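Participant: Following this message is one structure expressed as structure tokens.
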Amino acid sequence: PQELTHLTKIGYLLIAIGGVTSFLGLLGCCGACCENKCLLMIFFNIIFIVFVMEVIAAVLLLLKRPVAEKILEKIGNRVVTSIKETYGQNYIITKAWNETMTLMQCCGYNNYTDFQGTKFVNQTSLYPNFCCSNEQSLRCDSVKAKSVGVNGCFNAVVNWVTSKATFLGGVAICVAAIQV
């Protein structure tokens, strides 16, 4: 989809920045080993420009948050459609969702309703056990799934990232400080 092309471009940009940074590290090492002031000045100026570009990219990401939210909403709609079409029919997709729900202790993308209309629910009248609790022996029907109210995997991932945001921000600041 069109929305993913923006993410792909950002990925390519980050790869390019990483490649340039690696080359610059080599340039800085050569300048330091040979005690060449010209190489060291080129190294410093380019590192400074890369640092400014990274700050600009971070600010743009923060300013484009509504765009990111729309992208995630569209992706979410497609994920739910994929669940409805493939869960219980495609072994690999079903196993991937089961592993994800076990690891993240979540149910579906949004919640248990994502599984309504799947082959699995239509044949068994049950939802995946993860939608009711972590107990594998529990029979999880719509009443139990609704009353337990296990969060969707999207919310679980958002909560995980939010809980790690301080750490990730600290790492980003440390990397920026090292570059300066």
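Participant: Look through the stretch 104-156, keep the residues that are farther than 22 Å from V79 by Cβ and of a type in the set (K, R), and return whichever of them is modelled with the highest pLDDT.
Facilitator: By that ranking, first place goes to K144.
Participant: Determine which single condition I71 fails, assuming it passes every other condition in (1) modelled with pLDDT of 85 or more; (2) surrounded by 15 or more Cβ atoms within 10 Å (Cβ to Cβ); (3) under 30 Å from V150 (Cα atoms).
Facilitator: The one condition I71 does not meet is (1).
Participant: Do we find that K37 is closer than 30 Å to C132 by Cβ and surrounded by fewer than 12 Cβ atoms within 10 Å (Cβ to Cβ) in this structure?
Facilitator: Against the criterion (closer than 30 Å to C132 by Cβ and surrounded by fewer than 12 Cβ atoms within 10 Å (Cβ to Cβ)), K37 does not qualify.
Participant: Let me ask something additional. Filter the stretch 84-94 for residues that are under 19 Å from V157 (Cβ atoms) and either modelled with pLDDT of 90 or more or assigned to a loop (DSSP other than H, G, I, E, B) (or both) and give the result.
Facilitator: Once the filter is applied, which keeps residues that are under 19 Å from V157 (Cβ atoms) and either modelled with pLDDT of 90 or more or assigned to a loop (DSSP other than H, G, I, E, B) (or both), the stretch 84-94 yields only Y87.
Participant: Still on this structure, I have one more. Quick one: in the stretch 49-68, of everything that is under 17 Å from the mean Cα position of the chain (by Cα) and assigned to a helix (DSSP H, G or I), which residue is surrounded by the most Cβ atoms within 10 Å (Cβ to Cβ)?
Facilitator: A68
The values are calculated or read from the model by the stated rules, or taken from the named source; none is laboratory data. Remember, it's a predicted structure, so these values are computed and weren't measured experimentally. Cβ sites come from the backbone with ideal geometry, for glycine too, and all protein chains shown count toward neighbours.
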